[in-house]
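The values are calculated or read from the model by the stated rules, or taken from the named source; none is laboratory data. Since the structure is predicted, the reported quantities are computational estimates derived from the model, not experimental observations. Note: ideal-geometry Cβ built from the backbone for every residue, glycine included; neighbour counts use all protein chains shown. Remember, those area values only see protein heavy atoms, side chains included, never the ligands or the DNA or RNA. Shrake-Rupley method; radii C 1.70, N 1.55, O 1.52, S 1.80 Å.
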Amino acid sequence: MDFPTIALTGDSQLTETSSRFVVTKLPPRLRAIGFDVVTVAVGGSTSRDLLDQRVPGTADWIVVSVGTNDAAPWKQVPSDEFEANCGRFLRDVGVVNRVVLGPGPIVEQGVDGERTDAATLRYAAALERAATATGAIFLPLPSVIDPSDLADDGVHLSDSAYEKLVAALLAIIRSTDAGTT
């Protein structure tokens, strides 16, 4: 397999490193396999921020992670605006091969004003609609990982989650004719 260039955009699930958790994130894992990885993801990003993230036009693939922060009560982007932002980004990005990660599961801590699993599922449904409308591949994270794969905060991915995510992404890339250069 020739290794394409992958651009990672969106929120903290796809950033290079974590200042909060000891974890090997997606970019170094993909590089260890042989991929050229460009990361423009920024922790805390919402779909509004996604519109400003500049993905290099030379990327063969783009992986997008957004929705968890949009669903957070203290940052909440209305779901119709979220869907429109994601659709616009996916139409305008200029990369043919697009994988959109639906927000992962949330382990609720029972605190008022926290993110909820029900809210992230609503945003995942809106994201799936945007992905489908633009011909992107939608990968719902709850189909890849489960709550035991989350860090102690119940939101961010752990090493086991990134291991499973790499396997899922490799399966998608390998099964897509355009995935080889």
Test for E114: is it over 28 Å from F35 (Cβ atoms) and not small (G, A, S):
yes
Being within 21 Å of R54 (Cα to Cα) and among the basic types (K, R) is the filter; apply it to region 5-42 and report the residue that is farthest from the chain's Cα centre (by Cα).
R31
Counting only residues in region 121-144 that are open to solvent by less than 10 Å² (accessible area, probe 1.4 Å) and either out of contact with any Phe, Trp or Tyr (no Cβ under 8 Å at 6 or more places or on another chain) or part of a strand (DSSP E or B) (or both), the one farthest from F82 (Cα to Cα) is identified as L141
Cβ-Cβ under 8 Å pairs, at least 6 apart or on other chains, region 125-154 side touching a residue at least 24 places away in the same chain (Cβ under 8 Å) and among the hydroxyl-bearing types (S, T, Y), far side part of a helix (DSSP H, G or I) and crowded, with 20+ Cβ neighbours inside 10 Å:
T134/G87; T134/L90
Being open to solvent by 10 Å² or more (accessible area, probe 1.4 Å), in a loop (DSSP other than H, G, I, E, B) and of a type in the set (D, E, K, R) is the filter here, so list the residues in region 62-103 that pass it.
K75
